[in-house]
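Trainee: Can you keep this structure in mind? I'll have questions shortly.
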Amino acid sequence: MDLDLKRIRYFVAVAEQLSFARAAAELHITQPALSRQIQALERELGTPLLVRDRRGIAALTGPGRQLLEDAQALLSAGAALERRVRAAAKSPTMFTIGFMPGVPSTEIVAKFVAEEPELSIDVVYVPMDDQEPYLLDGRVDVSFVRLPLRSAGLEAIPLFPEPRVALVPAGLHQVVAPALRLEELRPLALLDEPTSLPGWRGERVLRRRPLLHVEERVEAVAAGAGFCVLPEGIARYHHRTDIAVVVLTDVPPVTVALGYSSHRTMPAIDSFARLARQHLGAGS
């Protein structure tokens, strides 16, 4: 059976919106056409994907939840395939490296350029919040990342540990030292997901939507809404006078690594990984 990626993409829109009308508007197609595509996908897979009632979509079925979980990786792989084929048609020797704030990569890239003169090397900024999509959809061939990588199909070469620090409003009277234990920030609201800090026992900000991006959390800290915890390099990148940086003495570091798609076999990835380990491995 050959799955139609267009139908998969349509299903993801419906599953995320739980509404044919909203998904149709997002996809710029008519609602009846979208409904027919989802029905065709259900026939193709031999199982209902949506629980329907008189008002529309009530929920996803078990198979629907499984399809939604796996669909993003499939769609990303399809996008990566198209992107890489088009790039190879334009420049067969193109190699794209993703860099991140706080990771010293300039010297590594310069040496790689010198060692690989036949490659057309491009360097792309990769936001920490989007590190996995950039690798999955082929925007970069290899990228510096911060672990963990949760998506299937990605591999990582650990390089060095990086401390995590707390960002707090600059004038906060509770902050009396440049280094604190996490529990000493309990009077403040945490702007991150609590699962990112297993030892957190304090309050959490009540908000209408999650703060998904680093920049949003930094702005919220500056506005006095609470505190967030970031890798030290990211905190330095977002340095500003209305925010104070506090070292956390009892929060484990994150690991900076080199990430790549597990199915790629480009020799250039091995060459770049060797340089990265030489310069950054084990904190060197």
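The values are calculated or read from the model by the stated rules, or taken from the named source; none is laboratory data. From a predicted model like this one, the values you see are computed outputs, not experimental measurements. When we count neighbours, we look across all protein chains shown, and the Cβ atoms used for this are built from the backbone with ideal geometry, even at glycine.
Trainee: Evaluate the following for E219: is it more than 25 Å from S105 (Cβ to Cβ), at pLDDT 90 or above and under 23 Å from the mean Cα position of the chain (by Cα)? Talk me through it step by step, then tell me what you get.
Mentor: Working: more than 25 Å from S105 (Cβ to Cβ): yes; at pLDDT 90 or above: yes; under 23 Å from the mean Cα position of the chain (by Cα): yes.
Against the criterion (more than 25 Å from S105 (Cβ to Cβ), at pLDDT 90 or above and under 23 Å from the mean Cα position of the chain (by Cα)), E219 qualifies.
Trainee: Right, next: Evaluate the following for L275: is it at pLDDT below 90, over 18 Å from the mean Cα position of the chain (by Cα) and not hydroxyl-bearing (S, T, Y)? First the steps, then the outcome.
Mentor: Values: at pLDDT below 90: no; over 18 Å from the mean Cα position of the chain (by Cα): yes; not hydroxyl-bearing (S, T, Y): yes.
No; evaluated as a whole, the condition is false for this residue.
Trainee: Which residue is farthest from L230 (Cα to Cα), if the candidates are limited to segment 122-133 and must be crowded, with 20+ Cβ neighbours inside 10 Å and not aliphatic (A, V, I, L, M)?
Mentor: E132
Trainee: Starting from residues that are small (G, A, S) and at pLDDT 90 or above, keep the ones in segment 148-176 and report whichever is surrounded by the most Cβ atoms within 10 Å (Cβ to Cβ). Full working, then the answer.
Mentor: Our first condition is that a residue be small (G, A, S); within segment 148-176, this holds for 151-153, 156, 166, 170-171.
Then keep just the ones that are at pLDDT 90 or above; that gives 156, 166.
Values: A156: 19, A166: 26.
The qualifying residue surrounded by the most Cβ atoms within 10 Å (Cβ to Cβ) is A166.
Trainee: Answer with yes or no whether V140 is closer than 30 Å to F227 by Cβ and touching a Gly at 6+ places or on another chain (Cβ under 9 Å). Can you show your working first?
Mentor: On the way: closer than 30 Å to F227 by Cβ: no; touching a Gly at 6+ places or on another chain (Cβ under 9 Å): yes.
So V140 does not fit the description; no.
Trainee: Have a look at R65, R83 and point out the one that is among the basic types (K, R) and touching an Asp or Glu at 6+ places or on another chain (Cβ under 8 Å). Before you say what the answer is, go through the steps one by one.
Mentor: On the way: R65 fails: touching an Asp or Glu at 6+ places or on another chain (Cβ under 8 Å).
Only one candidate qualifies: R83.
Trainee: Then there is this: Taking segment 78-102, which residues are at pLDDT below 75 and of a type in the set (A, V, I, L, M)? Let's see the steps before the verdict.
Mentor: Looking only at segment 78-102, we keep the residues that are at pLDDT below 75, and these are 80-81, 83-92.
Listed by number, the residues that qualify are A80, L81, V85, A87, A88, A89.
Trainee: Scanning for something of a type in the set (S, T, Y) and within 25 Å of the chain's Cα centre (by Cα), does segment 21-43 turn up at least one residue?
Mentor: Initial filter on segment 21-43 (of a type in the set (S, T, Y)): 30, 35.
Add one more test, that the residue is within 25 Å of the chain's Cα centre (by Cα), and what stays is none.
Checked segment 21-43: no residue is of a type in the set (S, T, Y) and within 25 Å of the chain's Cα centre (by Cα).
Trainee: Of the residues I243, I234, I269, which is surrounded by 15 or more Cβ atoms within 10 Å (Cβ to Cβ), outside the structural domain of E118 (by TED's automatic domain parsing) and over 17 Å from the mean Cα position of the chain (by Cα)? Spell out the reasoning first.
Mentor: Working: I234 fails: over 17 Å from the mean Cα position of the chain (by Cα); I269 fails: outside the structural domain of E118 (by TED's automatic domain parsing).
Of I243, I234, I269, the one residue that is surrounded by 15 or more Cβ atoms within 10 Å (Cβ to Cβ), outside the structural domain of E118 (by TED's automatic domain parsing) and over 17 Å from the mean Cα position of the chain (by Cα) is I243.
Trainee: While we're on this one: Regarding A25, is this residue under 30 Å from R264 (Cβ atoms), surrounded by 13 or more Cβ atoms within 10 Å (Cβ to Cβ) and either touching a helix residue (DSSP H, G or I) at 6+ places or on another chain (Cβ under 8 Å) or not assigned by TED's automatic domain parsing to the domain that holds P133 (or both)?
Mentor: Working: under 30 Å from R264 (Cβ atoms): no; surrounded by 13 or more Cβ atoms within 10 Å (Cβ to Cβ): yes; either touching a helix residue (DSSP H, G or I) at 6+ places or on another chain (Cβ under 8 Å) or not assigned by TED's automatic domain parsing to the domain that holds P133 (or both): yes.
No; evaluated as a whole, the condition is false for this residue.
Trainee: Another question about this same structure. So which residues in segment 251-272 are part of a loop (DSSP other than H, G, I, E, B) and modelled with pLDDT of 90 or more?
Mentor: Applying the first criterion (part of a loop (DSSP other than H, G, I, E, B)) to segment 251-272 yields 251-253, 262-266.
Correct list: V251, P252, P253.
Trainee: May I pose another question? Give L50, L41, L60, L68 a once-over and let me know the one that is closer than 30 Å to T255 by Cα and not assigned by TED's automatic domain parsing to the domain that holds M128. Show your work before the answer.
Mentor: On the way: L50 fails: closer than 30 Å to T255 by Cα; L41 fails: closer than 30 Å to T255 by Cα; L60 fails: closer than 30 Å to T255 by Cα.
Answer to the selection: L68.
Trainee: Quick check: anything in segment 109-125 in contact with a Lys or Arg (Cβ under 7 Å, 6 or more places away or on another chain) and outside the structural domain of G199 (by TED's automatic domain parsing)?
Mentor: Yes: segment 109-125 contains one or more residues that are in contact with a Lys or Arg (Cβ under 7 Å, 6 or more places away or on another chain) and outside the structural domain of G199 (by TED's automatic domain parsing).
Trainee: Is there any pair with a first residue in segment 41-63 that is surrounded by 14 or more Cβ atoms within 10 Å (Cβ to Cβ) and a second that is among the basic types (K, R) whose Cβ atoms are under 7 Å apart and which are 6 or more apart or on different chains, and what are they?
Mentor: L41/R7
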